[in-house]
2 protein chains.
Amino acid sequence: MPGTKIFRFLAVIVTIVDLRDLQDKIRSFVKVSEADMQFALQFYKRKDIKKGTFLLQPGQYIDQFYFVKEGCVSYYTEDDGIPQVIEFFTEGYFFTDLYAYIQEVPSNTYLEAMEDTVIYAVSKTDVEQIFDHSHQLERFGRLSMQKAFINNVQRIHQIKNLSNQERYIQLQEKRPSLFQRVPQYLIASYLGLTPVGLSKIRRRLSKHYD
Amino acid sequence: MPGTKIFRFLAVIVTIVDLRDLQDKIRSFVKVSEADMQFALQFYKRKDIKKGTFLLQPGQYIDQFYFVKEGCVSYYTEDDGIPQVIEFFTEGYFFTDLYAYIQEVPSNTYLEAMEDTVIYAVSKTDVEQIFDHSHQLERFGRLSMQKAFINNVQRIHQIKNLSNQERYIQLQEKRPSLFQRVPQYLIASYLGLTPVGLSKIRRRLSKHYD
DNA sequence: TGGATTTATTAAACTAGTTTAATAAAGAAT
DNA sequence: ATTCTTTATTAAACTAGTTTAATAAATCCA
């Protein structure tokens, strides 16, 4: 059955090509032997998520760690029915609801695809296998967590020391594509204000350039 | 010289007793063999810091990682001459200016002892030796960074979703001793408001209990 | 394509903070 | 103990946001 053979062959190629992003990401942090890299990659499963799909909702457990190949996932809680956005995960981000993942308790957050999204998923037990198997990959885990930590320290500093207007401008500069991908009221929430407040800021800024 | 002998003996005891806090902290994250633990501990140096001393000032490089045995260190930037407190490090905290430490660039932050403080210090090259030497200690590094990351995610969520008054009350509940150890205007800064603003909140709350 | 729904803007009244400045209280140093 | 300096409170005017509600614009989808 030559048809079957070709199909399998193509499937293998697709898998290798697809995981290139993930490999590059890992190698940007540490040197990893080809054997260790292949050991890790075997556990990752590709998932295609349609826009509007929830990877996680309040009350659910989560034992998966994700990597965004393509697309955008919003991470938020809901207070009095109003979404409070913690982060937007886009290409190259690792993510999960880390608190629920680590504590193994039900989450109180949402993970929702903002557009058709492709992610690689790996389970907690497989992550542990990977880290047990390779000291270098454990180091990658430490360094990527360190980087995420620093990002948050800087974010805290920005929230405290910049005005909402300044943070809006900065977000436009650093992640301009977000404004095409995500409704404005979620960006308002991410910046820590109401849709009305963000609209005022936008008007103020546009008038400035008249 | 029996006097000398006794002195040395006591010195050894003191060192072992002193590092107990650090060992306990590490063992709360991972199992470590006695040999690996001793390998790590040999690199730590105790430092006694007088109140008001700066461990770090803007423009300086930092290649030390610290652990607070006793005391309190504030971590802040200065904008227009006004301190902007990022964190207060008290007993059991690991700290450094992680950004400057990792990037090996001059810091733009202060690390200042708020009271007479005892810390254990280890250099970056020694940290790297420790992690190279032991996979388990590398894991400790990953897990402690992970915990710090989660704390910051929760802090971001609080800053965004709680009022200043709510965050003031929460700080009183979670870290009551801070109010004895640190001047109020620095706590105001930590909470993201002015001394005047914090004073108003305190008055509002005290009136509430009349 | 038209109708329904979601999203963004505007207005108006309000509020929790700000800034500046003066005063009071507390702490440190000789 | 007295002075000097730092820290905390209060008042008053102001501001950048809020809430609610109405309207306009954009998007979805059958």
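The values are calculated or read from the model by the stated rules, or taken from the named source; none is laboratory data. Keep in mind the model is a prediction, meaning the values are calculated, not measured. As a convention, Cβ positions derive from the backbone with ideal geometry for all residues, glycine included, and neighbour counts pool all protein chains shown. Surface areas here come from the heavy atoms of the whole protein model, side chains and all, with no ligands, DNA or RNA. Shrake-Rupley method; radii C 1.70, N 1.55, O 1.52, S 1.80 Å.
Just the number, please: carbon plus sulfur as a percent of the accessible area of chain A, 1.4 Å probe, no ligands or DNA/RNA counted.
Carbon plus sulfur share of accessible area: 54 percent.
Please list B:TYR44, B:TYR168 in order of solvent-accessible area, largest first, computed with a 1.4 Å probe with all protein chains present.
Ranked from most to least accessible, the order is B:TYR44, B:TYR168.
Which order do A:ASP132, B:ASP80 take by accessible area at a 1.4 Å probe, largest first? List each step's numbers first, then the result.
On the way: A:ASP132 100, B:ASP80 150 Å².
Ranked from most to least accessible, the order is B:ASP80, A:ASP132.
Quick check: the angle from helix A:135-161's long axis to the longest principal axis of chain A, C-alpha only, nearest 10 degrees?
The two axes meet at around 0 degrees.
Quick check: the angle from helix B:164-174's long axis to the longest principal axis of chain B, C-alpha only, nearest 10 degrees?
Roughly 40 degrees between the two axes.
Measuring from label point to label point, each 7 Å out along Cα→Cβ, what is the B:LEU162 to B:GLN60 span in nm?
So the two model labels end up 3.2 nm from each other.
As a test of the definition: with a 1.4 Å probe, what buried accessible area, both sides summed, do you compute for B against A, in Å² to the nearest 100?
3300
Taking only protein heavy atoms and a 1.4 Å probe, what accessible area per residue, in Å², does the stretch B:15-174 have with all protein chains in place?
Heavy-atom accessible area per residue stands at 47 Å².
With Cβ to Cβ distances under 14 Å as the rule, what net charge do the other residues near A:GLN57 carry (K, R +1; D, E -1)? Please list the in-between numbers first.
Working: positive: none; negative: A:GLU78, A:ASP97, A:GLU112.
Charge balance in the 14 Å sphere: -3.
When only alpha-carbon atoms are used, what values of Rg and Dmax, in angstrom, describe the stretch A:67-193?
Answer for the stretch A:67-193, Rg first and Dmax second: 16.0, 47 Å.
Find the eigenvalues of the gyration tensor of the Cα atoms of the protein assembly as shown, then list the square roots of 5 times those eigenvalues as equivalent ellipsoid semi-axes, largest first, in whole angstrom.
For the protein assembly as shown, the semi-axes come out at 39, 34, 18 Å.
Considering the Cα trace of the stretch A:2-161, what is its radius of gyration and what is Dmax, both in angstroms?
According to the Cα coordinates of the stretch A:2-161, Rg and Dmax are 17.1, 64 Å.
Counting only other chains, and only Cβ atoms inside 10 Å, what mean value do you get across the residues of B:94-102? Write out the running numbers ahead of the final one.
Numbers: counts 0, 0, 0, 1, 5, 4, 0, 2, 4.
If you average over the peptide's residues, the count of other-chain Cβ atoms is 2.
With a cut-off of 8 Å between alpha carbons and a minimum separation of six or more residues, what is the relative contact order of the stretch B:2-161 in percent?
RCO, the stretch B:2-161: 29 percent.
Given a cut-off of 19 Å, name the pairs among B:LYS25/B:LYS160; B:LYS47/B:LYS69; A:LYS160/A:LYS207; B:LYS25/B:LYS51; B:LYS50/B:LYS147 whose C-alpha atoms lie farther apart than that in the structure shown.
B:LYS25/B:LYS160; A:LYS160/A:LYS207; B:LYS25/B:LYS51; B:LYS50/B:LYS147
Just to be sure I understand the interface: list residues from the stretch A:112-142 that lose 30 Å² or more of accessible area between the chain on its own and the complete protein assembly, 1.4 Å probe.
Hits at the 30 Å² cut-off: A:PHE131, A:ASP132, A:HIS135, A:GLU138, A:ARG139, A:ARG142.
Calculate, in nm to one decimal, what B:PHE39 and B:ARG20 gain on full extension: separation in residues at 0.36 nm each, minus their alpha carbon distance.
Residue separation times 0.36 nm, minus the Cα-Cα distance, leaves 5.4 nm.
Return the calculated 222 nm mean residue ellipticity for chain A, to the nearest 500 deg cm²/dmol, obtained by summing -39500 (n - 2.57) across DSSP H runs with n ≥ 4 and dividing by the residue count.
Details: 10 runs with 113 residues, N = 210.
Mean residue ellipticity, 222 nm, calculated: -16500 deg cm²/dmol.
Given that compact globular proteins tend to follow 2.2 N^0.38 Å, what is the ratio of the alpha-carbon Rg of the stretch A:21-106 to that value?
After normalising by residue count via 2.2 N^0.38 Å, the value is 1.25.
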